[in-house]
Every structure is written in structure tokens, then in C-alpha cells.
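This report concerns only the one structure given below.
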Amino acid sequence: LRRLILVLGDQLDREHPLLRAAEPARDALWMAEVPAESRRIPSHAARTTLFLAAMRHFAADCEARGWTVHYRQLGQHDAEDLPTALARDLVTLSPEQVAWLRPGEYGIRQALHATTTAAGLTPEEHEPTHFIDTPAAFAAFAGHRAIRQETYYRHLRRRTGVLMNGNEPAGGRWNFDADNRASFGREGPGLIPAPRAFPPDAVTRRARADVATYLPDLPGSAEGFDWPVTPAEAEQALTDFTDHRLPDFGRYQDAMWTGHGVLYHARISAALNLQLLDPRRAIAAAETAWQEGRAPLAAVEGFIRQILGWREYVRGIYWQRMPDYLDANALGADQPLPALYWTGETDMNCLREVVGQVLATGYAHHIQRLMVTGLFALLAGIRPREVHEWYLGMFVDAVEWVEAPNTLGMALYADGGALATKPYAASGRYIQRMSNYCRGCRFRPDRRTGEEACPFTTLYWAFLDRHEARFANHPRMGMAVKNLRRLYDGERHAIRERAAALRSAPP
Ligand code: SF4
């Protein structure tokens, strides 16, 4: 065996650059399903099923194309973790070279280097071509500056020519966010076409059964599993989105509604992050929809910014800031993650809805993650590391490079503003404005204190109170601190008391 090519579960790109460059007669692929990847940080049953099903489909495709795949399947070997499984196979297969693409997780990257070196081989790592930019190019562009997403996004728009008219942005504006903040009002979202579902085939059903057999204690349910697991399905999911939901995606991207876990969102993040779908393809599909008059520019720009701007940006930040990033805790948050994140059992209706949905499906859309589960963790001062691990395990699309900056930087402000310009702190009134969750809740979002007060509202004021000195002169938080200073001392005291009770025992 000349070269063993390691393929990880989030690298299922059929146009994998190492495959293109290799020869099936002399080289082979290596893939492994290991319990530690689902147990070390508890991984939702649907997330684990998705990774296993997509990996098995990838391996079958490669074998059909003439490749030898050394595939270590769950239950058919006893290595607990990836380094152990790899170390054993380096002995038995004895390749001359081992190569892989940069993993999506810093710790795995370290482990692959250590295992290969210990086996007397030279680690050979290449950059995935799936992404539009590379960590090195990001670092060269950012230098030592704390660059903002918007700056980097415009740089990539110019470089790729996406939504550009020569040197000018299409439509004369880089960003249409101001047009993208509608709620559904009192009437609700009406009829939204249900996203296309992908019922499990025999391979996926077997993966799901193996998860139930060998990893019976995982959180969440894979009962209703319907995620795309192949490139063909990922393409169908993309078309379904651009045909049916993209036109209203921008307008309602911050809205939430009871019983609606997808609304106008794309539902392609898992396919992207497992590299079943190329981001250039998703961007081109949206840009074409605009050019053909099938979707407005504000929606298309908002969607493209998530992929070309935000997704590439958080990856740059991740590789620039690791390994220290995972320990970030700029606000000194010190509370344990409440049990309600694992059970959904709480009187707070918004959290009950969103956590219940996550347990059932492994998915919540962006604003549910940021402004319900993330907002509560920010305001209650929950330890960032525990929140990070919850997000990493509980969402079908979570891979550390994308999840960690979104959780630690965007939702929790744990990096002190390296990624976001301000904390996304808001009271229950934000949730009331953007959803119907508060109508079914025993709490009142307009009350700051007392038993009836919405915990988000009490905790919002307590958050400002705790961090008053830090944010008093902050350009985007100063007004909130001024409002805090208008409260009577007695009210501030009552807020502190109630907040302490809410933080130690969330209702
Ligand atoms: Fe959530 Fe507060 Fe609204 Fe209840 S009142 S749903 S806790 S925001």
C-alpha cells in the first residue's frame, strides 16, 4: 500500500482533492466510526445517525468507483477512539504514506499528527477545496487586526465576483439586513411549503439501528430522521429551498413561531458542513434565482452572506484563535448548564419549545439558537465551555470550526468581542416581538421583577447590572447601560435578588 487517505465524517466531498490526485490501484481510503466521537461530548442520536449514514454512503460510492475503503464500522471493532483505531491500522496496513485534509476540529488534527508520527510516518495534511478561502489566506488578510465579518465578506465578494457589478455591489448596497427583520405579527406564518424530507433508505436505517444498539444512551431522538445523506439529496434540498423558501428567507430570517422549526430557512447547513454540498453551488443557485427574477435581492444577499461571509469568517476566526478559544470566558460566566437543556422541562415556553424541537430533530434555526437557547445562556451567565459542548453535540450540522465561534463568540460574547461587535443581549420583549412563544407562557415579558416577570427580562437587567462598568462606554451598549442607571436603587436590588434565584434554579 502506497498511500492511506484518511477521510473524516465531515469531509465527504466526492471531489476530494486527495482522491483526484491518487490512484485506486496503489492507494486506499480509511474511515472509522468510533464511540468516543459520540460519547466524549454527548452527540444527539440524529446527529450520530447522520454522520454514520453519510459516511457509509460515501464509502459505498467510492467502492463503486473502484477504490479500496478500509472502513471500521461501529460494533465490528473495539477501538474506542479515532487515534486507537488509526494506530492499529497503521500497523496492520503498513502504508508508506498517510494523508488527510485539514480536519474540522483542532483536537482531531493534533491527534492525527501525533498518531502518525508515533507510527514513524510523516504527517501529510492538505487543505480541503470545499471552502472558498483558507485559514492562511484569512490570516494574511486579517493580519493582527480584529477584522469584522462585514469587511471580510466584502473582500470575498470582490474576489469571487459574487453579486457584483464590476467593482460595485449588485443593487448598490453590500448589505440588505435592514429589510430583513420582519415578524409574523399576530396572524402567524400562514402556509409555508414543508421542506423536502429524505426518508431513510436501507443504509441509513441500518446506521440508525447501529446507533440504537451500540450507543443507546445518546440524547435526542432519530425517530423522524429525514436529513439528506448523499450529494444528490443535498442538491434536491438546495433546489427545494431556492424554489420554495428563498424569496421570503430574508424578510423572515429573524422570526420564530410555535410548531415551526424551519420556516423559510434553507435546512442545508448539515449537508454543507459534511461537505455533501459545495458552498459555491449554493451561492450560484441563489444568485441565479435573483438573476432570473425568482427571488428578491434582499433575500438572496442575506442568504449568500451567511455562506460566503459568515461561514468563511467563523472558520478563519476558529483557526486563528485555537486552541485557546475554547477556554474563552471574558464575562466570567460561572453557572452550570441547567438540566432543562437536556430535558426541555421548564415553564419558560420559548425554551420548552426550542429545546423540545432540538431533542426531537437535532435542529433549530439560527434565531432560535441565538436568541432563545443562546440568549438565556448569555444572560444567566452559564459557563461557555458547557454551552459550547451542548451546541456541538445537539445539532446535526455542528462541527467544531463552525459551532465554537458561533457559540462562544456570537451567542455568549465569551471572546470579549473578537467576533461580534456587542453581546446579543435582549429582554423577553425581543422574543415577544419576534414570535408567538410568549402567548403560551405564564411569564410576562414586560415585567422586570416579581414572580410573574419573564426570566429573560429580569436576567437582561441583571446582566447589564453585572457588567455595567465593562459596557458603560461601549458604543453599542452605552444606551442600555444608561437605561439601567435610570432604575431606582430599590428596583436594581430587587432585580439582583430575583436574578440570583433564577440563575441557581431556572423555573
Ligand atoms: Fe420566553 Fe419570557 Fe416569553 Fe415566557 S414570557 S416565552 S420565558 S420570553
Counting only residues that are free of Cβ contacts under 8 Å to residues at least 24 places away in the same chain and of a type in the set (S, T, N, Q), how many does the stretch 85-109 have?
1
Filter result for Leu459 (in contact (Cβ under 8 Å) with a residue 24 or more places away in the chain, within 12 Å of the ligand (Cβ to nearest atom), among the hydrophobic types (A, V, I, L, M, F, W, C) and in contact with a helix residue (DSSP H, G or I) (Cβ under 8 Å, 6 or more places away or on another chain)):
yes
Single match in Thr68, Thr48 (criterion: β-branched (Val, Ile, Thr) and under 15 Å from Arg206 (Cα atoms))
Thr48
Take the residues in the stretch 180-208 that are basic (Lys, Arg) and closer than 20 Å to Ala364 by Cβ; name whichever of them is surrounded by the most Cβ atoms within 10 Å (Cβ to Cβ).
Arg196
Where in the stretch 340-447 are there helices (runs of 4 or more DSSP H), lying fully within it, with 2 or more residues that are within 16 Å of the ligand (Cβ to nearest atom), touching a helix residue (DSSP H, G or I) at 6+ places or on another chain (Cβ under 8 Å) and of a type in the set (Val, Ile, Thr)?
349-361
Do the conditions hold for Arg321, that is, is it closer than 30 Å to Val7 by Cβ and at pLDDT below 95?
yes
When the residues of the stretch 11-32 are narrowed to those that are in a helix (DSSP H, G or I) and free of Cβ contacts under 8 Å to residues at least 12 places away in the same chain, which ends up surrounded by the most Cβ atoms within 10 Å (Cβ to Cβ)?
Ala21
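The values are calculated or read from the model by the stated rules, or taken from the named source; none is laboratory data. Keep in mind that this is a model prediction, so the values were computed, not measured. Quick reminder, even Gly has a Cβ in these numbers, built from the backbone with ideal geometry, and neighbours come from all protein chains shown.
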